Amino acid sequence: MLAAVLAAGDGEGFHAPGIEEFYPGALLFEGTIFEINRIMLVRFVMVALLALFFILALRRAKLVPRGLQNVAEYFLDFVRLHIAEEILGKGAARRFLPILTTFFFMITALNLAGVIPLLNIAGTSLIGTPLVLAIVAWIVFNYAGIKAQGFGPYMKSNLLPSGVPLYMAPIIVPVEFVSTFILRPFALTVRLLANMMAGHLILVLFFSATNFMFVEAGSALLAPVGVLTLGAGFAFTLFEILVAVLQAYIFTLLAAVYIDLASHAEH
Amino acid sequence: MLAAGDNPNPLLPPGYDIFWSAVCFVLVGLLFWKFVLPIFQRVLDERTDKIEGGIARAEKAQQEAKETLEQYQAQLAEARAEAARIRDDARAEGDQIIEEMRARAQEESARIVAQGQAQLDAQRAQIVAELRADLGRMSIDLASRVIGESLEDEARRRGTVDRFLDELDSVSAPASK
């Protein structure tokens with residue numbers, strides 16, 4: 001069977017999806033900073049859907065919630081209670097709730113585009129969005145730290161934790177600097193980006209393989225394999241829904257943790 | 001589409017990617033910061049207020065009910081005490097009235113008895129006087145008839161009669177007492 005696949009691959013060619021998946025052709029303003037391609041459109045659609053959902057849900061918010069308001073409040077409460085208040089405590093949670101909520105819902109919405117038919121690609125599977133969000137998170141946690149402790153004490157508590165002997169400073173300071181100020185935003189970016197890229201590639205792989213097995217290979221022998229890849233594609237679609245929400249949760253949770261760590265001198 | 005073999009580094013963002021990501025972020029941020037969260041917070045606050053207000057009102061109502069109950073029980077106790085007092089008073093008054101009536105009745109009966117006694121005494125005295133007069137006259141009549149003549153000596157006659165009557169008195173008096 002493998003031989004058949006390879007043979008077929010030699011002929012008409014089964015192309016495994018690659019990095020070019022994430023760089024579709026420009027639709028507007030090609031070559032400028034305003035270039036719009038399919039993935040940008042997917043982002044716009046998801047942002048519009050997100051706004052539409054919350055505007056419809058909360059347009060006439062009632063004391064006793066009904067219908068969509070219930071759903072919206074359930075999600076908002078999830079971020080408020082299980083991320084913001086759990087990590088930051090009630091006081092700080094209220095200050096940082098807007099940014100944390102924005103992180104969570106923007107990432108969830110753009111991630112979910114990866115499993116929505118016709119959109120079929122996550123808005124976060126291109127580095128721009130994860131990077132912008134990670135930079136915002138970086139600015140916010142440093143702002144929180146400097147505001148809470150002052151610039152000097154904040155840098156000192158991060159770079160040279162209390163109890164570390166001074167002669168260790170040449171080693172500790174660079175390590176702490178890199179880990180706090182460079183690796184944190186980098187890890188936030190790459191964790192989200194890599195998850196969404198990998199998810200998209202796996203789905204494309206399974207569904208294009210299914211198409212190949214059923215249609216292009218032209219061999220009845222390969223049809224059962226097509227059923228298998230179709231099933232796997234479906235299973236991974238479900239898995240991607242989980243990953244979409246999970247990655248949004250992880251990103252937001254880590255942002256909250258960084259804000260909390262920055263706000264307190266000893267950690 | 002990019003030409004095959006031209007592999008862009010997925011970690012190096014194209015300018016438009018950053019630009020549109022920032023635009024999307026600002027839009028979503030404004031959505032939550034200016035619209036969603038204020039409404040959500042307002043609803044939550046209203047709800048908290050409502051619940052806390054409801055609890056406070058329930059506590060107040062309970063307190064009032066408790067006070068009313070205490071007041072009512074106090075009134076009830078007072079009324080019971082009042083009733084008992086009235087009953088005691090009435091009983092005491094009744095006793096007094098009975099006592100008074102009894103005293104009055106005794107007095108009355110004593111008075112009636114005394115009156116009867118006096119009347120009896122008076123009648124007896126009258127009867128004795130009448131009898132004495134009658135007896136004297138009859139005795140004198142009888143004696144004059146027996147003797148056949150009037151006694152000349154007035155003094156002797158009166159002395160005889162008086163003596164006779166005194167003897168009669170001394171015989172009848174012990175019997176009457």
* To do: Could I have the simple spin-label model distance between B:Arg42 and A:Ala169, label points 7 Å from Cα toward Cβ, reported in nm to one decimal?
  => 5.3
* **Debye log10 I(q)/I(0) at q = 0.20, 0.24, 0.26 Å⁻¹ for segment A:8-82, Cα point scatterers** => -0.89, -1.05, -1.14
* Asked: How big is the convex hull of the Cα atoms of segment A:153-267, per residue, in Å³?
  -> 120
* Restricting things to alpha carbons, tell me how big the protein assembly as shown is in terms of Rg and Dmax, in Å. => 61.9, 208
* To do: Quick one: dipole size for chain A, taken about the Cα centre, charges +1 on Lys/Arg Cβ and -1 on Asp/Glu Cβ, in debye to the nearest 20.
  => 1220
* Convex hull over the alpha-carbon atoms of segment A:34-263: what's its volume per residue in Å³? -> 179
* **Gain upon complete extension [B:Asp121, B:Lys50; 0.36 nm per residue less C-alpha separation]** => 15.2 nm
* To do: Relative to the longest principal axis of the C-alpha atoms of chain A, give the angle of the C-alpha long axis of helix A:223-263, reported between 0 and 90° and rounded to the nearest 10°.
  => 10
* Take peptide A:20-27, look around each residue's Cβ out to 10 angstrom, count Cβ atoms belonging to other protein chains, and average those counts. => 3
* Asked: Once the Cα gyration tensor of segment B:15-176 is found, what semi-axes does its equivalent ellipsoid get, as square roots of 5 times the eigenvalues, in whole Å, sorted largest first?
  -> 133, 9, 7
* Asked: For segment A:71-194, what is the largest minus smallest coordinate of the Cα atoms on each principal axis, given in angstrom and ordered from greatest to least?
  -> 59, 32, 18
* **Cβ neighbours within 10 Å from other chains - mean over A:220-229** => 0
* To do: Show me A:193-200, A:222-229, A:61-68, A:210-217 ranked by packing, highest mean number of other Cβ atoms within 10 Å first.
  => A:193-200, A:210-217, A:222-229, A:61-68
* **Rough spin-label spacing in nm, given labels placed 7 Å along Cα→Cβ, for A:Leu81 and B:Arg91** => 6.7
* **Neighbouring partner chain Cβ atoms per residue of A:97-107, average, 10 Å criterion** => 5
* In degrees from 0 to 90, rounded to the nearest 10, what is the angle of the helix A:68-77 Cα long axis to the longest principal axis of chain A? -> 50
* Can you tell me the 0 to 90 degree angle between the C-alpha axis of helix A:184-211 and the longest principal axis of chain A, rounded to 10? => 10
* **Volume of the Cα convex hull of segment B:47-126, divided per residue and given in Å³** => 42
* Asked: How fast does segment A:146-216 diffuse by Stokes-Einstein, in µm²/s, taking the Kirkwood radius from C-alpha pairs at 20 °C and 1.002 mPa s?
  -> 135
* For the peptides B:40-47, A:132-139, what is the packing order when you average, over each peptide's residues, the other Cβ atoms within 10 Å and list the highest mean first? -> A:132-139, B:40-47
* Where the centre of each part is set by its Cα atoms, how far does segment B:41-102 sit from segment A:205-219, in angstrom? -> 88
* Tell me, what is the FRET efficiency for A:Tyr74 and A:Ala223 to the nearest 0.05, using R0 = 41 angstrom and their Cβ-Cβ distance as r? -> 0.40
* Do any of A:Lys90/B:Lys66; A:Lys90/A:Lys147; A:Lys62/A:Lys90 go past 28 Å between their Cα atoms, and which? -> A:Lys90/B:Lys66
* **Other-chain or far-sequence residues with amide H under 5 Å of A:Asn37's (modelled H)** => A:Leu27
* Just the projected area, averaged over all directions, of the convex hull on the alpha carbon atoms of segment B:1-91: how many nm²? -> 11.5
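Every number in this text was worked out from the coordinates using simple rules, so none of it is lab data. Bear in mind that the values here come from a model prediction, so they are computed numbers and not experimental data. Don't worry about glycine lacking a Cβ; one is built from the backbone with ideal geometry, like all the others, and counts go over all protein chains shown.
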